[in-house]
Structures are given as structure tokens and as C-alpha cells.
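Scroll down for the structure; my scribbles are underneath it.
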Amino acid sequence: MKEIDLVIPLGPTIDNYEELRYVLRSAEKHLKGLRNVYVYGKCPNWVKDVNHVPCLVKHKRKNHDIIHKLLLAGMSEKHDDAFMWCSDDQMFLSACDPEKYTTARDGQLLDQLGDRRTFWNKCHVATSRALVSAGYHEAYYYDVHVPHVVEKSTILATFSRIRWREEPGWCIWSLLYNIAASEDVIYAQHLKSTTLEIKVKATFEFPPESQNAVEEACSSKNFLGLHDGAFNEHMRAFLEAKFPEKSRWEK
């Protein structure tokens, strides 16, 4: 089995990153062939033996900051061409084999705002229009909040074509996979897409009301994704019960 690095971007403002404990524990348990962990950004003081890459440049938008870190990883000689990219709030709930991993998508990007003018909807529209302008007329939605196997060459090829620092921001994985998947078959191993099925992931946008609610939602799922504010005492109890042992990256 080919080994793979796990790359995790962290922002500049949060000190504790409690969710990260369970990301690391879940990856150690379920990510096959896991070699090294890389943290791009601010690293909490309870973490040990990771490869820390400080990122001092601050961007106005969170997704601009993420693209910046993704590009740094794409240009780094420390990684093999393919690595696993995982946010600090995405947990592996079952075995994940990077060599067989497929990227999930869910319908198409919005191409107009209508009555909904949230920041994320604006990202949808900006991404869709950028793709159409670049000649990609079927713009699918890949930002489904799960880890991604990504190639360095794919990152560089994608973001060299898009003025990614522009407002309002981007649906990052929708940009990458729509462009890369339309390129050469060399990318096919990591860019096979599947329609997102309900069993793929459990997502919590708001704090769960009980530990049982989390357990029921996560039953038979591959991944768990948390939105800001969804990590409360019930979520912590579920994760502590599921991943009770410290990972080798915790003091």
C-alpha cells in the first residue's frame, strides 16, 4: 500500500482546536497508509510530532486563506504528488483507502442568486460564472465537506487559471475538480466522482441536542463534518466515546 500524507489547514485565531484532537484520532484509526501529518497555519500547543508549516499571510476571506495554504502544499517538495487534505472539523468514521477514494459531488453550482444572498451563495455564483467564462459549461458542486485526495499538479494547474484573490470568494473544490476533471486522463485516479449519497457523511450545522442524536446521524456514515458552533458537550461525548485513545500527535 502506498503511504500518504495528511494535510490540515488551521486558521490564525482559534487557540485550542478541540475538534482537531478527534480529526487526528480518527485519521490514525481509519486512514489507511497514513504517513505524516502536516499542519499549515497556527498549531495548538497540545500537538506534537507533526510537520508544522507556519503561514503568516492573512487574507480577508477564509476561503482565500485556505487556497493560499493549498497552494503552499501544492508547491512543497515535502509531499508526494498526491496527499489527503482534511479540514480541522472533518472526522473519519470508517476505513478510508486513499488509493480507492472517490470525490463526492452533489448536483450543480448555483448560477444566480435569486432571493438568497448569503456569502456562500455568492461563492456559488462567482465560482459558476468563473467556470463558464473559462469554458467549463457544466459546473458541478464538489464542496461537500469531506476530506479530499488531491494532486499537487492539479492544484497548481487549477489556481493558475483563476484570479482566486478576488471577491467574494470561491467554492474551492468545485473550482478544482471541475477544471481538473476536464483535463487529461492522468488525473482520473483521484478525480472519479460519484453522486453524493446520504450514507457518505453526517453534517451538523447546529449543536446537537443529545449524544444519541449524534450516534443516530453517524450510523453507517463514512465521515462527520461540523459547522462552526456545532461542537458542544454532546458532540464531545460522542467523539470521546468513539475515539477514546490519544493519537500519537497529542501530548
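About its Cα centre, the dipole of the chain is roughly 460 debye, where the only charges are +1 on Lys and Arg Cβ and -1 on Asp and Glu Cβ. The tail of the calculated P(r) for segment 105-155, taken as Cα-Cα distances beyond 17 Å, holds 45 percent of the pairs.
Among residues other than Glu3 whose Cβ falls under 11 Å from its Cβ, what is the net charge (Lys/Arg +1, Asp/Glu -1)?
Values: positive: Lys2, Lys32, Arg35; negative: Asp5, Asp80, Glu99.
Within the 11 Å Cβ shell, the charges total 0.
Candidates Ser174, Val149, Phe159 compared by Cα position along the dipole of the chain: farthest toward the positive end lies Phe159, with charges placed on Cβ. Translational diffusion coefficient of the chain at 37 °C, 0.692 mPa s, Stokes-Einstein with Kirkwood Rh over Cα pairs, in µm²/s as a whole number. Translational D for this selection: 175 µm²/s.
Throughout, read-outs are computed from the coordinates displayed, never taken from laboratory work. If you're wondering where the values come from, they're calculated on a predicted model, not measured in any experiment. Don't worry about glycine lacking a Cβ; one is built from the backbone with ideal geometry, like all the others, and counts go over all protein chains shown.
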